[in-house]
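What follows is a short report on a single structure.
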Amino acid sequence: MNISLAAEPLLHVGTFPITNTLIMAVAVVFVLCVIAVITRRKLQLIPRGIGNAIEAVIEQILDFMDSVTHDRAQSERFLPVVAAIFLFVIASNWIELVPGLGTVGIYEMHEGKEILIPFIRSASADLNVTLAVALFSVVATQVMGMRVLGVGRHLGKFFNFSNPILGFVGILELVSEFAKVVSFSFRLFGNIFAGEVLLLVVTTLAPYVVPLPFLFLEFFVGFVQALVFSMLTLVNLQMTTQHTEH
Amino acid sequence: MDELLHKLGIDWRLLIAQLVNFVVLFLVLRRFLYRPVLEMLARRSQHIADGLRDATAASDRLAQVEQERGVILHRAELERQSMLERAAQEAETLRRERAVAADAEAEARIARAEREAERVREEMLAAVRAEIGDLVLAISRKATAAHLTKAQHEQLIHAAIEELRGAKL
């Protein structure tokens, strides 16, 4: 049994490591892109087939977003960011649950022992991935804030020299933006990595039937983490652009 | 710090690669999924709204047409009844006029026939009288030729004619 915090490199292109999570993330992105392209071709005025299913998913996400924004136009404006995060994270989380994927890989000698490095590892179980998504979330929030409020007014929230209190609050706001990156990325990474470890341990101890409840648990955790990540992004987007309403 | 990042597996090259990967996904989904789906949802909503509005308009129009139809049918029924009554009246008037004309024609024909019959009777009477006069004259002449004068002859003839005139044939 090999547990590694870092994603395992399968090969190197020059000095650039191709890790199993990078392959997984590219695969997830590719599949989602293919689904998007197919969906676009299948969209009909009378919904049917895959177009209907994807439309239902998008509408469900929009309805859920409406419960936060209370404004359909606002929900539609935030949809690309929130839905991209949700779909990517949930696909990455659930891919680890496909039975057998973690058992296919290459054997490498590590500290004198031969260990299996699986080709497949959940992308969310790599801090590089969760950090990238968290960075995207925070940057997208700032960009949206600048677009809605204007650059000056938005940056004024962080750099306010009108009085010391507001200046200090601005600094706290700035620090909180960095803290969001850390909290987003470590929360998702921690949950999914812990889930992978849990499944690995349980499967090693009792390979038959016993892991089943844990698989369902991870299925649920994967959904909840995707929901939490995307909803926190939505709340941040809403709060960042809120001043336009007042 | 470097050691911590290394232990956590954070590699700025992989981080950038994952970021690029996710940005690509974001752009592709925005271009090929969200926009078309939102446009389709908006189009469908518009279609549904149009359909509902058209259905309401059609329903209203149908109710209006039904109402107009009822009014037209009622008017036509009244007109039909009026026409029937007028036709019955005209038929009655015509029948009466025809009857009156027929009566008048019949009476005129009867009168004409009576006049013709009277004329024929008068002509026959005149002819009979003339014949009888001639016969009486001839008989009287033969019977009284030897005993009566000319004046007495004529007197007798006149007396006989007057008597015949007074007699009804």
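The values are calculated or read from the model by the stated rules, or taken from the named source; none is laboratory data. These numbers come from a predicted model, not from an experiment. Neighbour counts run over all protein chains shown; Cβ positions are idealised from the backbone, glycine included. Ligands, DNA and RNA are excluded from the accessible area calculation, which covers all protein heavy atoms including side chains. Shrake-Rupley method; radii C 1.70, N 1.55, O 1.52, S 1.80 Å.
Here are a few things to note about the model shown:
- Put simply, of A:VAL224, A:VAL181, A:VAL228, A:VAL235 the only residue that is at pLDDT below 90, closer than 24 Å to A:ASN93 by Cβ and either in a helix (DSSP H, G or I) or open to solvent by 40 Å² or more (accessible area, probe 1.4 Å) (or both) is A:VAL181.
- If the condition is being farther than 12 Å from A:ALA84 by Cβ, β-branched (Val, Ile, Thr) and either within 7 Å of chain A (Cβ to nearest Cβ) or touching a helix residue (DSSP H, G or I) at 6+ places or on another chain (Cβ under 8 Å) (or both), then region B:20-39 contributes only B:VAL37.
- Set side by side, the residues B:ALA42, B:ALA17 differ, and just one is of a type in the set (A, V, I, L, M) and facing chain A (nearest Cβ under 7 Å), which is B:ALA17.
- Note on region A:127-170: among residues that are within 14 Å of another protein chain (Cβ to nearest Cβ) and of a type outside the set (A, V, I, L, M), the one that is most open to solvent (accessible area, probe 1.4 Å) is A:PHE136.
- Every residue from region B:17-48 that is surrounded by 13 or more Cβ atoms within 10 Å (Cβ to Cβ) and β-branched (Val, Ile, Thr): B:VAL23, B:VAL24, B:VAL28, B:VAL37
- Considering each residue of region B:116-125 in turn, at least one proves to be out of contact with any Ser or Thr (no Cβ under 6 Å at 6 or more places or on another chain), closer than 30 Å to B:GLU163 by Cα and of a type in the set (Gly, Ala, Ser).
- Among the residues making up region A:70-126, a single one is within 14 Å of another protein chain (Cβ to nearest Cβ), without any contact (Cβ under 8 Å) to a residue 24 or more places away in the chain and either of a type in the set (Ser, Thr, Tyr) or assigned to a strand (DSSP E or B) (or both): A:SER75.
- Lone unmet requirement of (1) among the aliphatic types (A, V, I, L, M); (2) more than 9 Å from chain B (Cβ to nearest Cβ); (3) in a helix (DSSP H, G or I) for A:ILE35: (2)
- Neighbours by Cβ (under 6 Å, 6+ apart or cross-chain): first from region A:148-166, outside any helix (DSSP H, G or I); second open to solvent by less than 40 Å² (accessible area, probe 1.4 Å): A:PHE158/A:GLY170; A:PHE159/A:GLY170; A:ASN160/A:GLY167; A:ASN160/A:GLY170; A:PHE161/A:GLY167
- Taking region A:50-69 as the range and being open to solvent by less than 50 Å² (accessible area, probe 1.4 Å) and away from every other protein chain (no Cβ under 11 Å) as the test, the residues that pass are A:MET65, A:ASP66, A:VAL68, A:THR69.
- Residue in region A:15-29 that is farther than 21 Å from B:LEU29 by Cα, more than 10 Å from chain B (Cβ to nearest Cβ) and either surrounded by 21 or more Cβ atoms within 10 Å (Cβ to Cβ) or of a type in the set (Gly, Ala, Ser) (or both) present: yes
- Residues of region A:116-140 that are under 15 Å from the mean Cα position of the chain (by Cα) and farther than 9 Å from A:THR21 by Cβ: A:LEU127, A:THR130, A:LEU131, A:ALA132, A:VAL133, A:ALA134, A:LEU135, A:PHE136, A:SER137, A:VAL138, A:VAL139, A:ALA140.
- Hey, A:ARG40 of a type in the set (Lys, Arg) and at the interface with chain B (Cβ under 10 Å from one of its Cβ atoms) or not: yes
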